[in-house]
Amino acid sequence: MAERRLQVTSRLGLHARAAANLVRVASQFKSSLTIQRLDGNSEADAKSILSILTLAASRGTDLKIVASGEDEQEALEAVVGLFSRDFDEPEKDEGKYIARATNELRCKGLGVSDGVVIGRVLRLQEGTPNVYRAEIAETDLERERRRFRAAVRLSRRQLETIKARAEKELGRGHAYIFDAHLLFLQDAKLTRDVEDYIVKEHSNAEWAAKVVGDRLVSIYTQINDEYLRERGSDIEDVIQRLLANLTGEGPKYPNLSEDAVIVSTDLLPSTIAELNLSHVKAIATDAGGWTSHMAIIARGLGLTAVVGLRDFYQRTRTGDRIIVDARRGEVVLHPVEETIAHYQFTSADPAPAPPEAVECGPVKTLDGVEVSLRANVELPTEFHAVNNFGACGVGLFRSEFLLSRPGLMTSDVEQYETYKLLAEAAGEYGAIVRLFDVGGEVGPDVKERERNPALGLRAVRFSLRHKDIMRTQVRAILRAAAAGRLSLVIPMVADVADVRMAKRVIDEELERLTAENVPCSAVQIGVMIEVPSAVLTAEKIASEVDFFELGTNDLVQYTLAVDRGNDQVSEWFRTLHPAVLYGINRTLEAAKNAGIPVIVCGEMASTPVYAALLVGMGAIDLSMTPAMIPRVRAVLSQIKADDARAIVLKCLAAATADEVEELVRNEFPDLCRSRNS
Ligand code: PEP
Ligand code: MG
């Protein structure tokens, strides 16, 4: 046996690239090589990158290298030599890396709610798998191990391709991290532990990989050295790749710390629904716009959120310090102490609380037009807001947020209980439940992602394709309607044919429940008008339904062909585009002629100046984020509907969105000081 004591002198300590070099050198020898920390019991195998990294040996750490075997002396000399050359790393690259990791970085996005939050980054990557435990029979264990090995091979091939591309496009210095990823994949500490877990626990490979991966990552979160701790996210990356190759679906949700700021490229509504929101302080995403569902939910929950940050996600690591300033639409990564002190002062502003003496019931304009103000709600945790903000019941319950996981449907009983609670919260004005407005991201088809989900099997199309799911939901609504005032709205109908097909299913379920003597009640049936074909045939549709809901978010998206969640095209998302105004006006007129009510429930209704325009167009029923009700109430009580009508007529004569906005700014100067997107 040969041994030597030494100290880590390299500036970044024994980090991933250094460890990768060490493994490469150590693996050339037959002897076993261990590294021991002199200040504790931890010991690492010098041929295992994961083992080395868990030593958390930062600069100044005292170590002992022990070699044992036929070539122990040469092995020891080679390893000690590598340490003395600081792992053959170019000093200037390290400096670059430090700068990337710690410099204060400000990024501009779009603040979609209120508040300023100081917290720690928690990276959430959509499209990575949601993992469940499955019991594997003794006879299938070998097959499960083979499945795991195949996923490792596939991951390796992918990483080699990525590495080659990175080398070509960015240079060798930037590709090194994939060397470390490749070494993780062939490290027995990972692969052997996963296979052992499969066999010992009779576990499926996904679960075994997750358990072993979580253990490794959790060792990292306890490391004091900030730079080395960051490397935990490299292991996270590799585990996520493995899981994705094993399952090919769904997100993963790490444990949330108290001050978690979720950073993601994009967030699915179903992901938000599944997070423990009591621990989430804020959200920052690369994609998204004012009307993306994530933004709507963040506002509903009073969560601070900045979206449209482009390539911010890739600059972060779990655990980084971050400030999210939704008021200025800005995030600050690695804030320096002065910045934190400044924000601590600002964020001490109390968040706007519900007014103490909340006004209820409809609001009257100065010329006596009564306008109902209802609440849009997404999650059961928001139901209490209906009363807190004086809403006239619930104008829209986005029921799809009950579907918390891809591929997972809620049961009849769960839905029934939720709808009953909803009806209770809504009280005398009642609540309107929307049939699941899900697209490619949820449901049994989740494995077959659509190329263009917004134009795909979304909303009513999804329900008509999956009638069993639709029937379950309809039954739950009809049963809950026996206990409180509920109506039902069908999302995204394109024409009368959609309406008739959906109504037939609803009628059949009502008949069936009645025949089975199950307590239930018939409900009013409405449709969401949110695609141009529905606007153009609104008169025909109006004769088939009890009410309309105007979904202005989608109406803008589909009328202008602008993806509402894509920040790259957000400047084309113009709520006040004349074409959108024609669509709204036409829909309101068709409903008036047919004698049915229209509830405007897109984000337009929550924006005071737009609400005034809607009233000018004849809308008398608006549904919005509950917290916005007092502001909209205050504004509408100060205007005359007739004046608003005169302004609307000028807007309808304008040719471009710019012209309309200019008109509105001139005519409603006070209102335009509040949000005007
Ligand atoms: C809308 O499209 O305006 C709407 C209210 O529905 P959602 O935002 O849920 O699509
Ligand atoms: Mg919609």
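The values are calculated or read from the model by the stated rules, or taken from the named source; none is laboratory data. This one's a predicted model, so the numbers in the text were calculated from it and none came from an experiment. Neighbour counts are summed over all protein chains in view; Cβ atoms, including those assigned to glycine, are modelled from backbone coordinates with ideal geometry.
So which of 479, 574 is in contact (Cβ under 8 Å) with a residue 24 or more places away in the chain, within 29 Å of residue 309 (Cβ to Cβ) and either more than 16 Å from ligand 1 (Cβ to nearest atom) or out of contact with any strand residue (DSSP E or B) (no Cβ under 6 Å at 6 or more places or on another chain) (or both)?
Just a single option satisfies the conditions, and that option is 574.
Just to be sure I understand, how many residues within the range 627-649 are basic (Lys, Arg) and part of a loop (DSSP other than H, G, I, E, B)?
1
So, residue 580, is that one under 16 Å from residue 559 (Cβ atoms), assigned to a helix (DSSP H, G or I), of a type in the set (Val, Ile, Thr) and touching a Pro at 6+ places or on another chain (Cβ under 8 Å) or not?
Against the criterion (under 16 Å from residue 559 (Cβ atoms), assigned to a helix (DSSP H, G or I), of a type in the set (Val, Ile, Thr) and touching a Pro at 6+ places or on another chain (Cβ under 8 Å)), residue 580 does not qualify.
Quick check: anything in the range 536-554 more than 16 Å from ligand 2 (Cβ to nearest atom), closer than 15 Å to residue 488 by Cα and touching a Leu at 6+ places or on another chain (Cβ under 9 Å)?
no
If you go through the range 45-61, how many residues are more than 17 Å from residue 12 (Cβ to Cβ) and of a type outside the set (Lys, Arg)?
At the first step, the residues of the range 45-61 found to be more than 17 Å from residue 12 (Cβ to Cβ) are 45-48, 50-51.
Still in the running and of a type outside the set (Lys, Arg): 45-46, 48, 50-51.
Of the residues in that region, 5 qualify.
Could you list, in sequence order, all residues of the range 602-624 that are closer than 10 Å to residue 373 by Cα and within 13 Å of ligand 1 (Cβ to nearest atom)?
Answer for the range 602-624, where residues must be closer than 10 Å to residue 373 by Cα and within 13 Å of ligand 1 (Cβ to nearest atom): 605, 606, 622, 623, 624.
Look through the range 478-495, keep the residues that are away from ligand 2 (no atom under 16 Å from the Cβ) and crowded, with 24+ Cβ neighbours inside 10 Å, and return whichever of them is farthest from residue 427 (Cα to Cα).
That would be 478.
Yes or no: residue 545 in contact with a Phe, Trp or Tyr (Cβ under 6 Å, 6 or more places away or on another chain) and of a type outside the set (Gly, Ala, Ser)? It would help to see each step written out before you state the result.
Values: in contact with a Phe, Trp or Tyr (Cβ under 6 Å, 6 or more places away or on another chain): no; of a type outside the set (Gly, Ala, Ser): yes.
In short, no.
Which residue, of 537, 552, is within 13 Å of residue 587 (Cα to Cα) and within 16 Å of ligand 1 (Cβ to nearest atom)?
On the way: 537 fails: within 16 Å of ligand 1 (Cβ to nearest atom).
Result of the check over 537, 552: 552.
Would you check if residue 597 is in contact with a strand residue (DSSP E or B) (Cβ under 7 Å, 6 or more places away or on another chain), away from ligand 2 (no atom under 13 Å from the Cβ), touching a residue at least 24 places away in the same chain (Cβ under 8 Å) and not β-branched (Val, Ile, Thr)?
The answer is yes for residue 597.
Please state which one of 456, 526 is among the small types (Gly, Ala, Ser), under 25 Å from residue 426 (Cα atoms) and either touching a Gly at 6+ places or on another chain (Cβ under 8 Å) or within 16 Å of ligand 1 (Cβ to nearest atom) (or both).
Selected residue: 526, the only one of 456, 526 that is among the small types (Gly, Ala, Ser), under 25 Å from residue 426 (Cα atoms) and either touching a Gly at 6+ places or on another chain (Cβ under 8 Å) or within 16 Å of ligand 1 (Cβ to nearest atom) (or both).
Out of 627, 591, report the one residue that is of a type in the set (Gly, Ala, Ser) and modelled with pLDDT under 95.
627
To keep it simple, each residue is scored yes or no on (1) modelled with pLDDT of 95 or more; (2) touching a strand residue (DSSP E or B) at 6+ places or on another chain (Cβ under 8 Å); (3) within 12 Å of ligand 1 (Cβ to nearest atom).
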| residue | (1), (2), (3) |
| --- | --- |
| 558 | yes, no, yes |
| 564 | no, no, yes |
| 568 | no, no, no |
| 578 | yes, no, no |
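Within the range 285-324, how many residues are closer than 22 Å to residue 607 by Cα and in contact with a Phe, Trp or Tyr (Cβ under 7 Å, 6 or more places away or on another chain)?
1
Which condition number in (1) at pLDDT 90 or above; (2) outside any loop (DSSP other than H, G, I, E, B); (3) over 24 Å from the mean Cα position of the chain (by Cα) is the one that residue 368 fails?
Exception for residue 368: condition (2).
Taking the range 531-552 as the region of interest, how many residues are without any contact (Cβ under 8 Å) to a residue 40 or more places away in the chain and buried (at least 18 other Cβ atoms within 10 Å of the Cβ)?
Within the range 531-552, residues that are without any contact (Cβ under 8 Å) to a residue 40 or more places away in the chain and buried (at least 18 other Cβ atoms within 10 Å of the Cβ) number 1.
Being in contact with a Lys or Arg (Cβ under 7 Å, 6 or more places away or on another chain) and away from ligand 2 (no atom under 16 Å from the Cβ) narrows it down to one residue among 619, 590, 657, 653; which is it? Let's see the steps before the verdict.
Details: 619 fails: in contact with a Lys or Arg (Cβ under 7 Å, 6 or more places away or on another chain); 590 fails: in contact with a Lys or Arg (Cβ under 7 Å, 6 or more places away or on another chain); 653 fails: in contact with a Lys or Arg (Cβ under 7 Å, 6 or more places away or on another chain).
Selected residue: 657, the only one of 619, 590, 657, 653 that is in contact with a Lys or Arg (Cβ under 7 Å, 6 or more places away or on another chain) and away from ligand 2 (no atom under 16 Å from the Cβ).
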